[in-house]
Amino acid sequence: MANTRQHQKHKQKYKDLLRQMPEYVKDYVYTMENNHRSSSTLFNYLLDFKDFFDWLITEGIAKVDEIKDIPHQVLADLPLDLAITYIRKLEDEEVIVSKVETKTRERSSVNRKKSALRSLFKYLTTQYENSEGEPLFHRNVMQKIPVIKEKESLNARSNKLANSIFQNDRDIDFLDYIKANYENELSPKQKSYFLRDKERDYAILSLLLGSGIRVNELVELRIRDLNFDDNTIMVIRKGGKQDVVTVFDEVMEDLQIYMNIRKERYKGTDAEHEYLFLTKRNNESSPITIRTVQDLVRKYTKAFNNGKRSMSPHKLRHTYATNLMDETQDLSLVMEQLGHTSETTALLYVHTSKEKAKKAAEALAERRKRLK
């Protein structure tokens, strides 16, 4: 039931991309799948590989007509200066932002593409084995190309984070706006679509802001992962690890309201293996996608911010983490709830909380001055 058209289209695109690849890339993908690398990550990696291989063919570096025919020796012998030329192409290339806007890639996007190629080359030179038990080749040119991240202090990152999330109970105002006021700004046709999905969308927003789970963890939720008795949800973290996240009553109530209309509105069943969040297109239901969740979060937050600023699911995750730190001052709890294994990222929320406390103190000081 759940594996219907939209989900199948995504799987088909994944298969079509993989079919275009050389055998050594297919071996890499199968190994990564067995290592629980997410399908969305691998899909993006395949897009990055395709761009790289297309460039090899266009530049005459690989003298073949199709990507699947590129021999591994081309990768093994690729000169460093040509590898750097490709990276510079990525940095200088204009990408489409909207119908009327283009811009050069952000460093984070270039870094992701570098990481994809570095991962493939590392596999081919260290993990892949031929019939003699040897790697496919030994020279790894991509290892010589660094992933240069922007240098920022923890405090600078914290300040940037504080300016990009909901603060001072604005997350509560946001949820109230979606529940009571958003539909009043819509045309009749827009309103009909919104009312069709209102309970689902509100449950998604409530869950993101009330649990801090990642968007990929949300779309993978199944009926069996909800425990209404304990107010917990089971999620699959990075690396395929199962984890239990505790949420509060109101979030579970929002999920229950969605569950009450899920069967009628999206033709879902109560089968434990079924995906929790569904979407409907052409009268057929399928699991909601990461892109759909990202789009609806952007749409609602932009409307709430009067069209000036949209937010991502990740920013809602940061909002939850900051609120949790404010309320508990418990770093280990924040790490546990968000599935962090390092204190470095969690410390961002400590600094963010301190920054908020500083601003609150300054506001109170200004208030006191008015008494003079």
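Please specify each residue of segment 219-250 satisfying the condition of being part of a helix (DSSP H, G or I) and at pLDDT 95 or above. Explain how you work it out, then say what you get.
First pass over segment 219-250, keeping only residues part of a helix (DSSP H, G or I): 219, 223-225, 238-240, 249-250.
Those that are part of a helix (DSSP H, G or I) and at pLDDT 95 or above: Ile223, Arg224, Asp225.
Checking the condition under 21 Å from the mean Cα position of the chain (by Cα), closer than 25 Å to Arg200 by Cβ, open to solvent by 20 Å² or more (accessible area, probe 1.4 Å) and of a type outside the set (Val, Ile, Thr), which residue from Arg309, Arg317 passes?
Working: Arg317 fails: open to solvent by 20 Å² or more (accessible area, probe 1.4 Å).
Being under 21 Å from the mean Cα position of the chain (by Cα), closer than 25 Å to Arg200 by Cβ, open to solvent by 20 Å² or more (accessible area, probe 1.4 Å) and of a type outside the set (Val, Ile, Thr) holds for just one of Arg309, Arg317, which is Arg309.
Yes/no matrix, rows are residues, columns are (1) farther than 30 Å from Lys9 by Cβ; (2) assigned to a helix (DSSP H, G or I); (3) among the basic types (Lys, Arg):
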| position | (1), (2), (3) |
| --- | --- |
| Tyr45 | no, yes, no |
| Phe52 | no, yes, no |
| Ala83 | yes, yes, no |
| Arg88 | yes, yes, yes |
| Leu117 | no, yes, no |
| Thr126 | yes, yes, no |
**Fill in**
Only unsatisfied item for Gln8, checking (1) open to solvent by less than 40 Å² (accessible area, probe 1.4 Å); (2) part of a helix (DSSP H, G or I), is (1)
**Message:** Any residue at all in segment 234-255 that's in contact (Cβ under 8 Å) with a residue 24 or more places away in the chain, farther than 15 Å from Ser206 by Cα, surrounded by fewer than 17 Cβ atoms within 10 Å (Cβ to Cβ) and among the hydrophobic types (A, V, I, L, M, F, W, C)?
**Reply:** no
**Message:** So for segment 279-291 (the condition being farther than 17 Å from Lys198 by Cα, of a type outside the set (Asp, Glu) and without any contact (Cβ under 8 Å) to a residue 24 or more places away in the chain), does at least one residue qualify?
**Reply:** yes
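Would you confirm whether any residue within segment 222-232 is open to solvent by less than 10 Å² (accessible area, probe 1.4 Å) and either without any contact (Cβ under 8 Å) to a residue 12 or more places away in the chain or under 21 Å from Ser332 (Cα atoms) (or both)?
Step one: list which residues in segment 222-232 are open to solvent by less than 10 Å² (accessible area, probe 1.4 Å), which gives none.
Taking every residue of segment 222-232 in turn, none turns out to be open to solvent by less than 10 Å² (accessible area, probe 1.4 Å) and either without any contact (Cβ under 8 Å) to a residue 12 or more places away in the chain or under 21 Å from Ser332 (Cα atoms) (or both).
Let's see how each residue does on (1) buried (at least 16 other Cβ atoms within 10 Å of the Cβ); (2) modelled with pLDDT under 80; (3) among the hydrophobic types (A, V, I, L, M, F, W, C):
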| residue | (1), (2), (3) |
| --- | --- |
| Glu93 | no, no, no |
| Thr102 | no, yes, no |
| Lys114 | yes, no, no |
| Leu117 | yes, no, yes |
| Thr126 | no, no, no |
| Met142 | yes, no, yes |
| Pro146 | no, no, no |
| Glu150 | no, yes, no |
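Residue-by-condition table, conditions (1) surrounded by fewer than 17 Cβ atoms within 10 Å (Cβ to Cβ); (2) at pLDDT below 85; (3) within 20 Å of Asp173 (Cα to Cα):
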position	(1), (2), (3)
Arg291	yes, no, no
Lys302	yes, no, yes
Asn305	yes, no, yes
Glu366	yes, yes, no
**Item:** Checking Arg170 against (1) open to solvent by less than 20 Å² (accessible area, probe 1.4 Å); (2) out of contact with any strand residue (DSSP E or B) (no Cβ under 9 Å at 6 or more places or on another chain); (3) modelled with pLDDT under 95; (4) more than 19 Å from Met335 (Cα to Cα), the condition it does not meet
**Value:** (1)
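The values are calculated or read from the model by the stated rules, or taken from the named source; none is laboratory data. These numbers were taken from a predicted model, which means no experiment stands behind them. Heads up, the Cβs are rebuilt from the backbone with ideal geometry, glycines too, and the neighbour counts pull from every protein chain shown. Side chains are part of the model used for accessible areas, which takes the heavy atoms of the whole protein and leaves out ligands, DNA and RNA. Shrake-Rupley method; radii C 1.70, N 1.55, O 1.52, S 1.80 Å.
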